[in-house]
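Worksheet: one structure, shown below.
The values are calculated or read from the model by the stated rules, or taken from the named source; none is laboratory data. Here the structure is a predicted model, which means the values were calculated and not measured. Because the Cβ atoms are built from the backbone with ideal geometry, glycine has one as well, and the counts that use them run over all protein chains shown. Areas reflect the complete protein model, heavy atoms only, side chains present, ligands, DNA and RNA absent. Shrake-Rupley method; radii C 1.70, N 1.55, O 1.52, S 1.80 Å.
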Amino acid sequence: MNPSQFRELKYEVDQGVALVTLNRPEKGNLWGGPMAVEYRWALHQADQDPDVRVLVLTGAGGTFCAGADVATLDAISDGNGAYEKERATLPPYPPGTSPALRHNHTAPLAIGVPIIAAIEGACAGAGFVVATYADLRVVSESARITTAFARFGLPAEYGIGWLLPRIVGIPNALDLLYDTRTRSGAEVAELGWAQRVHSEGEVVPAALAYARRLARESSSQSLRTMKRQVFVDANGDLDDAYRRSVEDMNAALAHPDLRVGISAQRKRSAPDFLT
């Protein structure tokens with residue numbers, strides 16, 4: 001599947017940044033099987049495209065993602081919890097992907113391209129899961145964010161119980177999971193879930209500006225390596241992580257990006273890795 005075949009996502013590339021937009025605004029960008037499949041292909045496309053250094057994920061119509069499609073939940077409930085997984089062709093995982101990251105929701109951690117979620121409006125349930133699996137989150141002050149799981153008798157879905165404490169700490173993770181009240185962007189930023197807060201209407205432009213600066217001034221090789229170090233190496237043995245970081249350093253010393261950085265340093269200017 002390529003971006004021209006997407007029906008529930010929009011995919012655009014400019015200045016080293018892929019902008020992926022959940023595109024069901026008339027339904028609050030509710031998450032479902034087709035959207036999940038297209039998102040996997042969007043991640044694969046970005047990861048394979050040498051012109052893409054950073055990915056920004058957002059939602060159309062002033063809403064990030066209001067949750068899972070309730071029609072799907074109704075069908076599962078009516079079937080006493082039974083459901084049939086959609087059969088769809090999915091892209092391959094990057095070579096060497098660990099078993100823990102070979103799942104639809106953990107796949108964003110496996111790709112080398114950093115992902116920034118730009119969140120306005122509602123971000124609930126399944127939307128919260130998708131945003132949590134991004135590398136970073138930029139939110140509007142007035143965003144409406146809730147885990148929502150306990151409200152439906154559901155657990156912390158799709159590994160969030162493992163990932164969320166690593167982002168905000170155990171007590172804050174439990175507070176977010178136990179208490180389903182809606183929180184503002186400012187509140188979740190105080191907890192550490194969001195890294196930047198902007199006024200409504202400024203979130204996507206600010207996220208794109210940040211992503212474009214990373215694409216231009218930060219080595220793509222460095223970004224990819226650092227992401228793997230944080231999401232993969234850090235969950236293993238310290239000695240193994242240290243030894244692999246030495247291997248990474250030796251590889252970086254022979255990489256062309258080093259010359260770009262040294263040249264910019266000599267000129268006392270910001271490096272430009274896009275030229």
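A few remarks follow.
- Within region 1-32, tally of residues that are among the charged types (D, E, K, R) and open to solvent by less than 50 Å² (accessible area, probe 1.4 Å): 2
- Candidate set: region 113-159, residues that are among the acidic types (D, E) and over 24 Å from S220 (Cβ atoms); chosen: the one most open to solvent (accessible area, probe 1.4 Å): E141
- Residues of region 143-156 classified as within 13 Å of A194 (Cα to Cα) and among the small types (G, A, S), total: 1
- Failed criterion for L214 (all others in (1) over 23 Å from A126 (Cβ atoms); (2) of a type outside the set (D, E, K, R); (3) outside any helix (DSSP H, G or I); (4) in contact with a strand residue (DSSP E or B) (Cβ under 7 Å, 6 or more places away or on another chain) hold): (3)
- Here T225 does not qualify as of a type in the set (S, T, N, Q), assigned to a loop (DSSP other than H, G, I, E, B) and in contact (Cβ under 8 Å) with a residue 12 or more places away in the chain.
- Those residues of region 180-218 which are of a type in the set (S, T, Y), more than 27 Å from F273 (Cα to Cα) and surrounded by 15 or more Cβ atoms within 10 Å (Cβ to Cβ), in sequence order: T180, S184
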